[in-house]
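**Q** Mind looking over this structure? Questions follow.
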Amino acid sequence: MRETMWIYVVILFLSETQSVESGTTERAPVNTTFPPITERRNELFSNGSDANLTCTDKMWNETFYVIWKIKLINKTRCEINFDSYGRNSDTCNDGKSLRNTSNSQPYLHIPKFSEDDVGIYTCEFAYRGGATNCEIHVNITVTPEIKAWIEYKDNTMVAVCRAENGNPAANISWNHARNSSVQQLPGINGLFTVESRLELPEGIDPENLSCTISHQNLNKIVFLEYQKVKVYSLWLYALIAGIIIAFLAGLLFFLVMKLRQHQQSDTSSSKSPPIEDVEEVEPYASYVQRVNSIYN
């Protein structure tokens, strides 16, 4: 790798020497194989911010040419080029541009950075006396959604603190650092979810418990005091469920008793003997008694 780099530098030096001897001041790029990538790094930018990528600290007046090869995550490849003749090309056509700092240092400008700009940016930079070939993995920072609660596991109180769908992954710590564990869970769209669980021994008041979530976009302390309702909500749910079950059981018992009473009433009415009309029988009986008394 070093041998290839030195060969490339020698060719550039000879080309510059020939150009000076001929009396010209223009520096044309050399048609040769570009050296392997000499630098790899990662860059993160917030959504909506202006992003600037630099490949070298050389100045414009030292530049032979610069080529930015861009492979976006949501698009095909594109390139932005510039050479010492003033020629340039842009196949991206999405607002990216080559610019100069106040010190005439070139950089690639990305306006209003978004998810559409995420990708791999490779820079080939040839300058007087050498060359640079760097690869930059560009990603977007996403603030995670924070959640915290307390739950029970095997009669043990467990505090949970979670940072969902952020980039990069957040760090979580506790003000009572005992038996805590940190786990990275699958996120959506390549984002990261981090969850930390802390088992609380007896005697620990959850009102005084807090977790700290550290991220590139925030550093927040989350108190679990407001989750106190969630701890006792299990008992509340159990009480409500018991009341509902008792009400339904009472209603069912009432209906069954009414049904049995109705069945007993129907059975007794079907078995009772017919009742004679006393008023119709009584005059005849009194008549017979009178006749008998006369004959006697």
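The values are calculated or read from the model by the stated rules, or taken from the named source; none is laboratory data. The structure presented is a predicted model; accordingly, all values stated were derived computationally and were not measured. Glycine also receives a Cβ, built like all others from the backbone with ideal geometry; neighbour counts cover every protein chain displayed. The area values use the complete protein model at the heavy-atom level, side chains included, leaving out ligands, DNA and RNA. Shrake-Rupley method; radii C 1.70, N 1.55, O 1.52, S 1.80 Å.
**Q** Efficiency by 1/(1 + (r/R0)^6): what FRET value for Gln105 and Trp149, r their Cβ-Cβ distance, R0 = 41 Å, to the nearest 0.05? Could you put the intermediate results ahead of the total?
**A** Details: r = 50 Å, r/R0 = 1.22.
Efficiency at R0 = 41 Å is approximately 0.25.
**Q** Keeping all protein chains in place and using 1.4 angstrom, which order do Phe113, Phe254, Phe45 fall into by accessible surface area, from largest down?
**A** Phe254, Phe45, Phe113
**Q** Continuing with the same structure: Run the simple label-point estimate for Leu218 and Ala249 please: 7 Å along Cα→C-beta, distance reported in nm.
**A** Here the modelled spin labels are 4.6 nm apart.
**Q** While we're on this one: Using a Förster radius of 35 Å, what is the FRET efficiency between Ser89 and Asn189 based on their Cβ-Cβ separation? Nearest 0.05, please.
**A** My answer for the efficiency is 0.65.
**Q** Net charge around Phe125, counting only other residues with Cβ within less than 11 Å of its Cβ (Lys, Arg = +1; Asp, Glu = -1)?
**A** Around Phe125, the surrounding residues sum to -3.
**Q** Spelling out what I want: for every residue of the range 200-208, take phi, set θ = phi - 60°, compute 6.51 cos²θ - 1.76 cosθ + 1.60 (Karplus), and round to whole Hz; glycine and proline get x.
**A** 9, x, 5, x, 8, 7, x, 5, 9
**Q** With only alpha-carbon atoms counted, please give the Rg and Dmax of the range 39-141, in Å.
**A** In Å, with Rg to one decimal and Dmax whole: 13.0, 38.
**Q** Could you work out the relative contact order of the range 87-126? I mean the mean sequence separation of Cα pairs under 8 Å and 6+ apart, divided by the number of residues, in percent.
**A** Reported relative contact order: 26 percent.
**Q** Taking N as the number of residues in the range 145-223, what is its alpha-carbon radius of gyration divided by 2.2 N^0.38 Å?
**A** Normalised Cα radius of gyration, the range 145-223: 1.09.
**Q** Sequence gap at least 6, Cα distance under 8 Å: using those rules, report the relative contact order of the range 39-141 to the nearest whole percent.
**A** About 41 percent, as a whole number.
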